[in-house]
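No lab work stands behind these numbers, since they all come straight from the coordinates. Quick caveat, the model's predicted, so the values are computed rather than measured. Don't worry about glycine lacking a Cβ; one is built from the backbone with ideal geometry, like all the others, and counts go over all protein chains shown.
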Amino acid sequence: MAVLMEAEKLRARGIDVVDFGPGEPDFATPDHIKKAAIRALDENRTKYTPTAGIMPLRQAVCDWHAKNLGSSYEPKECVVTAGGKIAIFNVILSLINAGDEVVIPAPYWVSYPDIVKFAGGKPVFVQTLDSDNFCLRAAAVEKALTPKTRIVIANSPNNPTGAVIPPEAFAKILGVCRKHGVWLLSDECYSHFTYGKAKPFSIASLPGAKETLIIAGSLSKTFAMTGWRVGYTLSPEALTGAMIKLQSQSVSNVTSITQHAALEALRGPMDSVGVMLAEYARRRSHILAGLRAIPRIECTEPEGAFYVFPKVKTKDGGIADSVAVTRELLEREYVAVVPGDAFGAPGHLRISYATSIERIDEGLRRLNHFFSAA
Ligand code: PLP
């Protein structure tokens, strides 16, 4: 946040900052989705809705998930939430009591540990490694379990690393969770952002997976709808009921107009999503090649999301202080990145390619200038 505020100040002074910070698509929400919202307004769909969402939308979430990711949920197992963040918040608040442990793979999305702490729980981190493309492994998860563990979080494709857990490895993680009677919370926020050999995959597609599984999903990234605030959970009915109770005393319901837009997103054509994903794929190859040509930067190949997460080295080959590097990059080159420290991974930088190829090129030029300096 400090870096982004600093970048904002520079911009206000008219300085051309290359911003590799954003955690959101640079595309506009597709037109047919916007039009559905306008229609909903014209039709005065502006009243309270059921807490868990309008029934056609709960059905559409289940249908979309079944069609795209091979699951088989019913609307009574679905809650429409105000974004993927509230989906995760509802799960943690409903399941975690004081002292309960939640296993979180590191590097992690910044909100997981704070939500767990807010619920009175204890985050327990499992380190994933550059050398293993930051893949979460069942053996590492199992080592972190204690009698107090209630949830294991998996986030694939991952923010910040872009790592994708292959289906076989994911199945093993589910197996470990089952064996030990803990919930697996799969955050599928970036489900469709996969490249190369990786394909969109949900662990919910495995037969018999549903019993100990919770899916947290979001329309934010897939449909370029970050500001609309809509996501969902898919989970066994009893837990779904608990989350509806919680939501009924907090947000009440997701904005009615947003729900109608979401209905169109899930039921309508996916063509524009395909166009956006093809552009992300192009940028990913471009930035990866560019970064790998820069001295002192080592970059694993991310198979998903829209981030690269390179390791940065000092001039004598040691691990660089990524907070200091981030500051200097901003001050000297006007390039904004996020230090890995924010995600529990010092020595790394998170670089988002949710920006145009032209801006990526300008950023690469400046990064090269910075890291090539004597
Ligand atoms: N999960 C991950 C891994 C994320 O990176 C984000 C947002 O950046 C979210 C969930 C939540 O997204 P939203 O609340 O916008 O749907």
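Peptide packing for 266-273, 281-288, 216-223 was compared via the average number of neighbouring C-beta atoms within 10 Å per residue; ordered from the highest value, the list is 216-223, 281-288, 266-273.
Multiplying the residue separation of K199 and I15 by 0.36 nm and subtracting their alpha-carbon distance yields 62.3 nm.
Averaging Cα coordinates gives a centre for segment 219-292 and one for segment 136-205; these two points are 19 Å apart.
Just so you know, the Cα atoms of the chain work out to an Rg and Dmax of 20.7, 65 Å. Ranking I319, T161, V338 by how far each Cα lies toward the positive end of the dipole of the chain (charges on Cβ) leaves T161 at the top. Distant-in-sequence amide contacts of A106, defined by a placed amide H-H separation under 5 Å and a gap of 5 or more residues or a different chain, comprise V126, Q127, T128.
Of K172/K245; K34/K221; K199/K221; K172/K197, which sit over 24 Å apart, Cα to Cα? Pairs exceeding 24 Å: K172/K245.
Extension gain, F370 to I357: 0.36 nm times the residue separation minus the Cα-Cα distance gives 2.7 nm. Only one residue of L10, Y280, V230 has its Cα farthest out toward the positive end of the dipole of the chain, where Lys and Arg carry +1 and Asp and Glu -1 on Cβ, and that residue is V230.
Give me the angle, in degrees from 0 to 90, between the Cα long axis of helix 84-95 and the longest principal axis of the Cα atoms of the chain, rounded to the nearest 10. Its long axis makes an angle of about 60 degrees. Put a dot 7 Å past the Cα of R332, heading toward its Cβ, do the same for F125, and the two dots end up 2.7 nm apart. Here the calculated FRET efficiency for E6 and F118, from their Cβ-Cβ distance with R0 = 25 Å, stands at 0.35, rounded to the nearest 0.05.
Of the beta bridges DSSP finds with both residues in the chain, what % are antiparallel, to the nearest 5? Roughly 45 percent of the DSSP beta bridges within the chain come out antiparallel.
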